[in-house]
Amino acid sequence: MENQQAYDRGTTIFSPDGRLYQVEYAREAVGQGAPVVGVRGDDAVVLAAAPDAGSPLVETDSIEKLHRVDDHLAVGTAGHAADARRLVDIARQTAQEERVRYEEPMPADALATALADHVQERTQTGGARPYGTALLVAGTTEYPTLVEVDPSGATREWRASALGDGAPDAQDYLEDAYRAGLSAADAEALARDALDAAAGDDHPTETVTVTASGAAFGER
Amino acid sequence: MENQQAYDRGTTIFSPDGRLYQVEYAREAVGQGAPVVGVRGDDAVVLAAAPDAGSPLVETDSIEKLHRVDDHLAVGTAGHAADARRLVDIARQTAQEERVRYEEPMPADALATALADHVQERTQTGGARPYGTALLVAGTTEYPTLVEVDPSGATREWRASALGDGAPDAQDYLEDAYRAGLSAADAEALARDALDAAAGDDHPTETVTVTASGAAFGER
Amino acid sequence: MENQQAYDRGTTIFSPDGRLYQVEYAREAVGQGAPVVGVRGDDAVVLAAAPDAGSPLVETDSIEKLHRVDDHLAVGTAGHAADARRLVDIARQTAQEERVRYEEPMPADALATALADHVQERTQTGGARPYGTALLVAGTTEYPTLVEVDPSGATREWRASALGDGAPDAQDYLEDAYRAGLSAADAEALARDALDAAAGDDHPTETVTVTASGAAFGER
Amino acid sequence: MENQQAYDRGTTIFSPDGRLYQVEYAREAVGQGAPVVGVRGDDAVVLAAAPDAGSPLVETDSIEKLHRVDDHLAVGTAGHAADARRLVDIARQTAQEERVRYEEPMPADALATALADHVQERTQTGGARPYGTALLVAGTTEYPTLVEVDPSGATREWRASALGDGAPDAQDYLEDAYRAGLSAADAEALARDALDAAAGDDHPTETVTVTASGAAFGER
Amino acid sequence: MENQQAYDRGTTIFSPDGRLYQVEYAREAVGQGAPVVGVRGDDAVVLAAAPDAGSPLVETDSIEKLHRVDDHLAVGTAGHAADARRLVDIARQTAQEERVRYEEPMPADALATALADHVQERTQTGGARPYGTALLVAGTTEYPTLVEVDPSGATREWRASALGDGAPDAQDYLEDAYRAGLSAADAEALARDALDAAAGDDHPTETVTVTASGAAFGER
Amino acid sequence: MENQQAYDRGTTIFSPDGRLYQVEYAREAVGQGAPVVGVRGDDAVVLAAAPDAGSPLVETDSIEKLHRVDDHLAVGTAGHAADARRLVDIARQTAQEERVRYEEPMPADALATALADHVQERTQTGGARPYGTALLVAGTTEYPTLVEVDPSGATREWRASALGDGAPDAQDYLEDAYRAGLSAADAEALARDALDAAAGDDHPTETVTVTASGAAFGER
Amino acid sequence: MENQQAYDRGTTIFSPDGRLYQVEYAREAVGQGAPVVGVRGDDAVVLAAAPDAGSPLVETDSIEKLHRVDDHLAVGTAGHAADARRLVDIARQTAQEERVRYEEPMPADALATALADHVQERTQTGGARPYGTALLVAGTTEYPTLVEVDPSGATREWRASALGDGAPDAQDYLEDAYRAGLSAADAEALARDALDAAAGDDHPTETVTVTASGAAFGER
């Protein structure tokens, strides 16, 4: 414990075993956030999330876990809510600028890389903490794409993935149940089931299905 | 205790369990401030507060808990008084700039997001402490809206909510007594009752009722 | 004691119970300064102070506790003398700029808010300590006004108030003896009596009476 | 252990025995990354890597260990993935700028020096940590070249080299099996065998063969 | 002792009892410097000092304790010699600028306030230590004036005052022996006697007598 | 050991016995680097070095210990390899700029002073560590010159000198064997023998002979 | 010892007894440097120094202790060699600028003050250490002048003075043997004898004699 404390203060630096503790602690913040699941089908990517309102008087719609970024791009977030909003703002601005500059929609992997570059900077430059948020970027331009951005600024492309509280259970479910060639409806059904594996059966569910035609948010 | 101290000094960084202690301590400052309650009705949002003068020689009117931001926007604050005044200044300037730029009044959720972005920055950038204040933003443009901004920079939209000293009791009261379709008068009555649940029966009460026609401050 | 030390160094940050220790220590500096009392009458605000020369060879006139800011504005200070002088400089410059800009005298509450904004910044931005001074701002434009600015940057409007060494005794005296509708002469008498409650009977006394006609300094 | 802690915090400074601990810890991060091997033949340099997907649902193609930088330049990375992406971005931008400025392709050793200069700065200037990534730069302009850049910013030119988890075993294998005058195909075979020495027999393998004609990525 | 250490490092901050330790330590530096005495007469202010050469080979004239600032202004210093020279430089530059701007000589109290503002800044802004020097500013424009500036940036006007090593003894002597209406010659005699009370009988003495006609340095 | 730690962190400051520990630790880094020897003859300066490849697969040519700076200028380095490369870059740029400005080649002592000024800055300004490298600057313009630059930024001109691992043995050898009036060939032979005294008999040797005609690198 | 450590780190701040430890430690560095002696005669100032080569292979001429600054100005240094070179650079640049601006040579005391102002800044501003060097500035314009600048930035004018290793013995010798009215030759003889008192009889000696006609360096 003593040893760990030495690497927590002030800036993000390496521990003797080559770890960045502040990044690992930020991952803890992600693991405590309400879960989000992504599943890639043949023509669509589906995100599903279980917003955690915390009180019956909260407007559940205002607990945004899934965010429209552009016609064909959505982002799901897990972890520190205020950090997530900031990254989603950056995502929207980036996607809009790219569209204007190149006169075509921004691919999901390019958006994920741009966000990850920003996230990485916060782990290397002094005087700031890492983001306590991980993202699932879902997009469909030529083909459907699902990319994770983690608090270290690393990216991974997934067929299906889960983040947040209960994510290991959801991920186990996905590894068992996922198969290639899913329709949009099947992808949504799988995402919902995996979300239940993480959050139990009794929770509000928010979904978005991203196809080449656009991002369609499901009813709760 | 030793362990906690390690995360309190200098900058806002993550603890091993993914928490931001400085933000949690700022929430303590909010929980010790005089209470404020917000209730959303069908055509109006009502804020009620119990200013804490501390001495019979203080001009109670000068202990501002509820602040007019624009014709249709008001903000209630709980926590560190000087921080609150600064955030209200930013709220007024932001609302005015938006009105000039877009030639229409700023919606309450947009104002809450702008304030929350500013609050979040203070939790991520080094060399500054978080704000020790939480806000209830009340506005009525197309429809009445009540949004909370907390010291982490997170936002939540509420049907009814309480902040500050005694807030848990007031929130319990609201969860029991709230029902949809409240008139402005009923919303004010509910807000006053919830405030009493937090602050007892013997305290000055300040209210503001925000409708599409404007923000009307109640007598004390 | 160990615990407290953790929150004293370097910057002004929150303690686990939501306090800002550096601000509280600055209040200690205020509580050790020579006392100042303010009383608001019907047409005038009176400040009274007991300058502490410390040696018979000091020119008592040079121990300024009460400061003329504009024709209709005066400021009394308690605490760290050099910090007080700096805030009085800012007060004079602010009042003059406002008068030039708006072509009318600055109200006392507006001046207090401007000073408090500056004081608050020193409690939130790193690399600087708070001001070790509290102020009583006295002004009479449309009506007499008495506003306190404390080291946190909070403001409160008072009918009568005391700051500095012995302030609790003076405040008790004021709460007993104050009544509405005081003439300027009665307000001065009350201020002098309250000052004696704080500083004893044997001390030099400095007064200023601020009416719509101007700020008149009393003889010592 | 106590002694070591003293040199880990804040900035990269010397220990009494002339070591830079933060740089050595960054090397630990390199040693834990998935392995990469480089072999220089007569007309080609071959890089081989074993991407570590970590889950069957990850798109292995998205775990980039080998990166095309220009027609005749490729980079293999080991260590912190987000740091690696940033250095590869800098590599691509640098190679492109040089090509535009000098109207000829950038040699591999010049690119390695440019990257190493950037990496060295992060070990000398305060307020930032070193890069947790080492690189193998492979290029063929006049002749095939293989250069390592390590987290200290040092460069070494190799006939054959391995980085990352299992690198000592792979390096032993290379020292035994390497001989001069390898064809491109033989170089690739040796690189694959050395990679197996590091990562075992059961892993995906990614290769790139860099000749004067360009960089050809092998199938996995 | 442990407790005190906590407030000594890095920046000038408040202790729990409202003190600024770095300022108090700077006063210690003043108390160890060679003494300086000031006495105000009816038409003149006299400063007297006992320069401490430390070696018979030092040119005593080069140990400046009393400094001409303008025709009618002189400054005596006690404490850290290099800090004193810097403040005297600032005094000369300030007095010259004021004379040019207002076309009349700068009063001693205005100069003292300008210097004190600069000294105060060093006690509030991070990254710098306070000045280890106190000043006696002596001037005669309309009437003779003697003002002290201490390391906190506070000012006090004196009829007669002593600073530096032995100052309490000199001050006691002055309180006994001072009387109103002193001629320039009597003021100098009193200043010399008070200096002897601080420094003993065997020391070089430097004096300056500041009248409306100018500053006349005495022989040693 | 405790005592020493106090002077190692953050910035380069003095220890109670007037030492700069960070500079001494940087000298340790120099003492662990592969050795370099310099010998000045009548018409030439010779540098000899034993590059430490560390593996048979390293291209020894890429382990640069001796660097051409200009036609008549070479630099040998010992210590931290990446720091050395940076200083050599600065040397080349400085020599080129001087040649352009003054239209004549830069003397070796002028180059050494320019480099030493840069090295000294890193020992006095906060937020950076010293260079972990020492240099031997060899040049022949009017006459042959050999100058050492150490990590403190001090310079010394030598007839013959050794740096790096085994330097004390090489220096002893030089003090015994050096004599005035050496030809270029004799200087090289002496440099090689001294290098063997430091590094043993079995090591690659790199030499450069700097005469007025240019810098000639020897075969290994 | 514990207590002292508290004032050594980071910046130059006061200790409870009003001392600046970093400045005192810098004086230790001066006391360990090779000695330098200055003697003022009727028409000349003479500096003498014992350069410490440390090895028979060092070119003693390159160990500069005495430096020509202008025709009539020389500087002797003791302490940290690289810091000394930097201050001498500043001295030369300052003297040249003054000569160009005022079209007459700069007096030695003015140069000493300019250097001392620069040295003082390093003791008051954070983020830098003091200079580990003291200077003897020798100049002859109207009359010969010898001024010391110490690491605190204080200046003293001397008839004769010694700095560096053995300085107390040299100073004792000077206090015994110095007499007024020395010719240039007698001043040099005295300086040489005092240097022997500090450094023994067996050392190289470097001298410079500064008269109105210029600075003449003696043979070694």
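Hey, among the residues in segment B:2-51 that are of a type outside the set (A, V, I, L, M) and in a strand (DSSP E or B), which one's modelled with the lowest pLDDT?
Quick first cut of segment B:2-51, residues of a type outside the set (A, V, I, L, M) only: B:2-5, B:7-12, B:14-19, B:21-22, B:24-25, B:27-28, B:31-33, B:35, B:38, B:40-43, B:51.
Filter once more, so that each one left must be in a strand (DSSP E or B): B:14, B:38, B:40.
Working: B:Phe14: 81, B:Gly38: 98, B:Arg40: 98.
The residue in question is B:Phe14.
Does C:Ser161 fit the bill of being more than 21 Å from B:Gly54 (Cα to Cα) and among the polar types (S, T, N, Q)?
Details: more than 21 Å from B:Gly54 (Cα to Cα): no; among the polar types (S, T, N, Q): yes.
Here the answer is no, as C:Ser161 does not meet what is asked.
Please go through segment E:23-39 and pick out each residue that is buried (at least 24 other Cβ atoms within 10 Å of the Cβ) and facing another protein chain (nearest Cβ under 7 Å).
E:Tyr25, E:Ala26, E:Ala29
Considering each of A:Arg19, A:Arg99, A:Arg68, A:Arg92 in turn, give the residue that is of a type in the set (D, E, K, R), more than 7 Å from every other protein chain (Cβ to nearest Cβ), open to solvent by 40 Å² or more (accessible area, probe 1.4 Å) and over 30 Å from A:Glu142 (Cα atoms).
From the options A:Arg19, A:Arg99, A:Arg68, A:Arg92, the qualifying one is A:Arg19.
Among the residues of segment G:127-150, are any part of a strand (DSSP E or B), facing another protein chain (nearest Cβ under 8 Å), at pLDDT below 95 and at negative phi?
yes
Of all residues in segment B:71-89, which are more than 15 Å from B:Ser161 (Cβ to Cβ) and more than 14 Å from chain C (Cβ to nearest Cβ)?
B:Asp71, B:His72, B:Leu73
Can you report the number of residues in segment E:199-220 which are within 18 Å of E:Asp169 (Cα to Cα) and in contact (Cβ under 8 Å) with a residue 60 or more places away in the chain?
Qualifying residue count for the region: 3.
Considering only segment E:42-60, state which residues are in contact (Cβ under 8 Å) with a residue 12 or more places away in the chain, within 26 Å of G:Ala160 (Cβ to Cβ) and not polar (S, T, N, Q).
E:Ala49, E:Ala50, E:Pro51, E:Asp52, E:Ala53 - these are the residues of segment E:42-60 that are in contact (Cβ under 8 Å) with a residue 12 or more places away in the chain, within 26 Å of G:Ala160 (Cβ to Cβ) and not polar (S, T, N, Q).
Collect the residues in segment G:168-198 that are touching a residue at least 60 places away in the same chain (Cβ under 8 Å) and either more than 14 Å from chain E (Cβ to nearest Cβ) or among the basic types (Lys, Arg) (or both), keeping them in residue-number order.
G:Gly181, G:Ser183, G:Ala184, G:Asp186, G:Glu188, G:Arg192, G:Leu195, G:Ala198
Would you check if D:Thr113 is within 14 Å of chain F (Cβ to nearest Cβ), hydroxyl-bearing (Ser, Thr, Tyr) and either touching a helix residue (DSSP H, G or I) at 6+ places or on another chain (Cβ under 8 Å) or surrounded by fewer than 24 Cβ atoms within 10 Å (Cβ to Cβ) (or both)?
yes
I need the full set of residues from segment B:187-217 which are open to solvent by 20 Å² or more (accessible area, probe 1.4 Å), out of contact with any helix residue (DSSP H, G or I) (no Cβ under 7 Å at 6 or more places or on another chain), modelled with pLDDT under 95 and of a type outside the set (A, V, I, L, M), in order please.
B:Gly200, B:Asp201, B:Asp202, B:His203, B:Ser213, B:Phe217
What are the pairs, 6+ residues apart or on separate chains, where a residue within segment F:19-37 that is of a type in the set (Phe, Trp, Tyr) has its Cβ under 7 Å from a residue that is assigned to a helix (DSSP H, G or I)?
Short answer, once both residue conditions are applied: F:Tyr21/F:Gln4.
Any idea how many residues of segment B:71-89 are open to solvent by 20 Å² or more (accessible area, probe 1.4 Å), closer than 25 Å to B:Thr211 by Cβ and in contact (Cβ under 8 Å) with a residue 12 or more places away in the chain?
1
With the requirement that a residue be more than 9 Å from chain D (Cβ to nearest Cβ) and either among the aromatic types (Phe, Trp, Tyr) or part of a strand (DSSP E or B) (or both), what does segment A:151-167 give you?
Those that are more than 9 Å from chain D (Cβ to nearest Cβ) and either among the aromatic types (Phe, Trp, Tyr) or part of a strand (DSSP E or B) (or both): A:Ala162, A:Leu163.
Has segment F:48-60 got any residue that is of a type in the set (D, E, K, R), more than 14 Å from chain D (Cβ to nearest Cβ) and either in contact with a Leu (Cβ under 9 Å, 6 or more places away or on another chain) or open to solvent by 10 Å² or more (accessible area, probe 1.4 Å) (or both)?
No, the conditions are met nowhere in segment F:48-60.
How many residues does segment B:168-185 hold that are in a loop (DSSP other than H, G, I, E, B) and among the aromatic types (Phe, Trp, Tyr)?
Result for segment B:168-185: 1.
Among the numbered criteria (1) of a type outside the set (A, V, I, L, M, F, W, C); (2) open to solvent by 10 Å² or more (accessible area, probe 1.4 Å); (3) more than 19 Å from F:Ala29 (Cβ to Cβ), which single criterion is violated by D:Arg156?
It is condition (3) that D:Arg156 fails.
In segment C:71-126, which residue that is small (Gly, Ala, Ser) and outside any helix (DSSP H, G or I) is nearest to B:Gln124 (Cα to Cα)?
Among residues in segment C:71-126 that are small (Gly, Ala, Ser) and outside any helix (DSSP H, G or I), the one nearest to B:Gln124 (Cα to Cα) is C:Gly126.
The values are calculated or read from the model by the stated rules, or taken from the named source; none is laboratory data. Remember, predicted model here, so these are calculated numbers, not experimental data. Please note: Cβ atoms are built from the backbone with ideal geometry, for glycine as well, and neighbour counts cover all protein chains shown. Protein only, heavy atoms only, side chains kept; ligands, DNA and RNA dropped before computing areas. Shrake-Rupley method; radii C 1.70, N 1.55, O 1.52, S 1.80 Å.
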